[in-house]
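Working notes, structure below.
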Amino acid sequence: MKKVLLLLLALTGIACSPVQAETLQLGIEHSDYLPTVSNSYVPGYSHGAYAQQNAAPPYRGGYQVDANQFNQQSNQQHAGIYQQSASMGPPQAKKPIIEWFQIPKSMAGSWTKKGDITLDVTDLRTGIKRQVGAWTDNEMVVHMGHQLDKAGNVWHVNILPSEKDSTSNGKQVRFMTVQQVCEQYTPSNLSTRTHYVITESYANTGQVADQFQQESLNHYSLLSDGEMQNMSSNRVFTYAGQPMRDGTLQSKFMRIGPFAALDQMNGVDLAQSLTQYLLSKDMAQLAQ
């Protein structure tokens, strides 16, 4: 039986004071806190902004997110760190946010993996870190890159918020991706930060069992021309934005296809959208 969808989003739609801050690599750290989930979705990535006047203390990053079914009684603990999912569906809330970022040319194309290794889990309340080393089957295909600019650079788009639903241990698990950003980029490495709101419901009744948030830091690096590794650090937060636990995963992807430009996604003309983005960033020389 498959374990609860546990931990990793390899770019689909493919995108720092310590609470024992977990560092992914290259100095990228998890947020200390996230805002309380509210019923008003405020688009965009906002450093140091509060979801409401009495929100948690300052955090690195953070967003006010849409969650119509959320209530303040769901701060239950979780048995594990949840996996990010790769196949995202169409936007579910209000006007979608369209975000572009550049990725290494060497990573553009289609990739697949068979599963993940959970390396360790840390309880942030006690500071106790437990080595795990457990394999979880989790087959996945991801497509990296959607459009080329005039100079031949590869750009990846996120159309947010996006949703992925799955079933695990008799529960429906709803992953709502509300933000994905590129943290660092080199010709052979890519680091991203993703923020999720996750809802678990009982499959037989539809009743909400638990609701919480997750921040995932992913560092992708090429091991060879046909193999890529993702080191993923994942922090689970309560509904109210309090950090609970960290987990680290290792995943290896094999290339299964070359890059192919995508004309449309969710009704958006991607070539036109990228041109508009480049012009808005004063990169007219790269626009089509």
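The values are calculated or read from the model by the stated rules, or taken from the named source; none is laboratory data. Remember, predicted model here, so these are calculated numbers, not experimental data. Here the Cβ is made from the backbone with ideal geometry for all residues, glycine too, and neighbour counts use every protein chain on show. Side chains included, ligands, DNA and RNA excluded: accessible areas come from the protein's heavy atoms. Shrake-Rupley method; radii C 1.70, N 1.55, O 1.52, S 1.80 Å.
Quick rundown of the values:
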quantity: Surface accessible to a 1.4 Å probe, per residue, for the residues of the stretch 197-288, Å²; calculated: 42
quantity: Accessible surface of the stretch 122-165 [probe 1.4 Å, protein heavy atoms]: carbon and sulfur percent; calculated: 49
quantity: Residue-level accessible surface for T275, protein heavy atoms, 1.4 Å, Å²; calculated: 30
quantity: Candidate aspartates and glutamates - alpha carbon under 20 Å from K114, same-chain residues fewer than 8 apart omitted; calculated: D137, E139, D165, D225, E227
quantity: Length gained when the stretch D120-S188 is fully extended (0.36 nm per residue, less Cα-Cα span); calculated: 21.9 nm
quantity: Protection proxy ranking, peptides 123-131, 266-274, 173-181, 143-151, average beta carbon neighbours within 10 Å, highest first; calculated: 173-181, 143-151, 266-274, 123-131
quantity: Out-of-range pairs (alpha-carbon distance over 22 Å; input K113/K150; K105/K164; K150/K252; K150/K281); calculated: K113/K150; K105/K164; K150/K252
quantity: Three semi-axes of the equivalent ellipsoid, the stretch 188-257, Cα gyration tensor, whole Å, largest first; calculated: 31, 16, 9
quantity: Two-site label geometry, L279 and Q102: point separation in nm, points 7 Å out along Cα→Cβ; calculated: 2.0
